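The block underneath contains the structure these notes are about, expressed in structure tokens.
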Amino acid sequence: MKNSKNLRDFTCEELEALFSERGLPAYRGRQVFKWLASPFVESFSQMTDLPKSLREDLAQEFSIFLPVLEEEQVSADGTRKLALRLEDENLIECVVIPEEDHFTLCVSSQVGCAMGCAFCLTAKMGFKRNLKPHEIIAQVIRAKEVLIRKDLLAEKPLRNIVFMGMGEPLANYENVLCALKILFDERGLNFSRRRVTVSTVGLVPQIERLGRDIKVKLAISLHAPDDETRTKLMPINRRYPLNALMDACHKYPLPRGWRITFEYLMLRGINDSPEHAQKLARLLRKVPAKINLIPFNEHPLLPFRSSEEKTILRFQEILLEYGYVATIRKSKGRDISAACGQLATELAA
Ligand code: SAH
């Protein structure tokens with residue numbers, strides 16, 4: 001049973017093909033796909049529109065295991081951090097963030113991370129492994145189940161997904177791509193392409209590939225406007241320096257009206273001067289960009305401090321003067337270590 005294939009790792013087309021290969025009608029694949037997108041489905045026996053014998057055969061051969069909710073923490077601001085236990089006992093976290101008219105879910109793509117950014121707590125865990133498609137999708141389904149149980153989904157939908165939890169999504173390319181296909185499929189979870197954002201440290205070849213393979217929103221964790229500063233913060237900048245990264249962003253196919261979000265951590269005395277703001281404005285000149293300034297979430301293990309509020313406001317003002325859309329991210333869920341860069345599964349220790 002443990003080694004059986006998990007049908008939740010299949011796109012709808014792949015499920016159809018799997019059923020066809022067995023001499024079964026392709027629409028059986030679509031039926032299963034739909035069940036697997038629904039909350040509270042744990043067993044083939046619940047798939048009541050399939051013949052009983054087929055359900056039994058499938059149960060013999062395949063798994064539909066979904067990582068299990070291990071712990072839920074609720075912040076004073078309503079943000080919820082969910083810890084899910086994977087089949088191999090590893091733990092991952094995702095964060096449900098209440099917005100005015102919807103919920104945003106922040107998902108993880110790896111257990112730990114190999115990118116080694118100096119300011120990020122997940123980096124301190126090191127890299128354990130990539131998540132499978134079903135382990136990414138599980139975060140969406142478990143989040144929905146929590147919201148349904150609390151009667152919160154009746155108020156507003158879980159509408160947005162950001163790949164800004166643990167891990168580097170583009171370093172787990174195939175599985176993230178598969179998960180995106182499952183998320184966007186109208187026959188299942190049916191997320192809108194303009195509501196799902198893949199955030200990356202800037203893996204240039206994978207950004208190019210993503211642009212060719214699927215239509216999805218892109219965010220770049222930039223954090224510095226020059227190579228010298230960026231390399232100190234993000235080792236990946238040595239491999240893909242800013243000119244290569246900007247080139248990939250410039251070429252990323254954006255539907256009309258879409259912009260690439262550039263995330264910029266505000267680190268006191270490191271990257272937060274007016275000169276940095278001007279350099280940033282010049283750097284992004286050729287890209288349809290939106291800049292999201294992120295006050296740094298401090299932590300005893302991290303050797304940085306957040307910029308002061310007035311510094312952040314001045315930085316924003318300069319970007320606005322240049323004509324950019326520039327917002328300041330309101331940090332949520334800090335009291336439960338659910339804020340950006342704070343996911344590190346303490347439970348695993
Ligand atoms: N690997 C991807 C996605 C995960 S990080 C990426 O780097 O984009 C999600 C965001 O949180 C990134 O922009 C990251 O730089 C930011 N972040 C990391 N540590 C942080 C911290 N201590 N405070 C605030 N934001 C942080």
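Note: relative contact order over the chain, using C-alpha pairs below 8 Å and six or more positions apart, is 16 percent.
Expressed as a whole percent, the accessible area of the chain that falls on carbon and sulfur atoms is 49 (1.4 Å probe). Here region 68-336 is treated with +1 on each Lys and Arg Cβ and -1 on each Asp and Glu Cβ, and its dipole about the Cα centre works out to around 740 debye. Using only the alpha-carbon atoms, how far is helix 52-61 inclined from the longest principal axis of the chain? Give it as 0 to 90 degrees, nearest 10. On a 0 to 90 degree scale, this one is about 60. Ordering of 183-195, 109-121, 272-284 by packing is 109-121, 272-284, 183-195, highest average first (other Cβ atoms within 10 Å, averaged per residue).
Listed peptides 223-235, 91-103, 296-308, 38-50 appear in the order 91-103, 223-235, 296-308, 38-50 once ranked by packing, highest mean of other Cβ atoms within 10 Å at the front. Could you list, in their original order, any pairs among K34/K251; K215/K279; K156/K215; K128/K251 whose Cα atoms are separated by more than 28 Å? Long pairs (Cα-Cα over 28 Å): K34/K251; K215/K279; K128/K251.
S63 contributes about 10 Å² of solvent-accessible surface, heavy atoms of the protein only, 1.4 Å probe. For V196, nonlocal amide neighbours, meaning residues 5 or more places apart or on other chains whose placed amide H falls under 5 Å from its own, are I161, K217. Calculated mean residue ellipticity at 222 nm for the chain: -10000 deg cm²/dmol, from DSSP H runs with n ≥ 4 weighted as -39500 (n - 2.57), summed, divided by the residue count and rounded to 500. Seen against the Cα atoms of the chain and their longest principal axis, helix 204-213 is set at about 50 degrees. Against the chain, whose longest principal axis comes from its Cα atoms, helix 133-149 is set at around 90 degrees. Extension gain for the segment S273 to H250, taken as residue separation times 0.36 nm less the Cα-Cα distance, is 5.7 nm to one decimal.
The values are calculated or read from the model by the stated rules, or taken from the named source; none is laboratory data. Bear in mind that the values here come from a model prediction, so they are computed numbers and not experimental data. FYI the Cβ positions are ideal-geometry reconstructions off the backbone, even for glycines, and counts take in every protein chain you see. Surface areas here come from the heavy atoms of the whole protein model, side chains and all, with no ligands, DNA or RNA. Shrake-Rupley method; radii C 1.70, N 1.55, O 1.52, S 1.80 Å.
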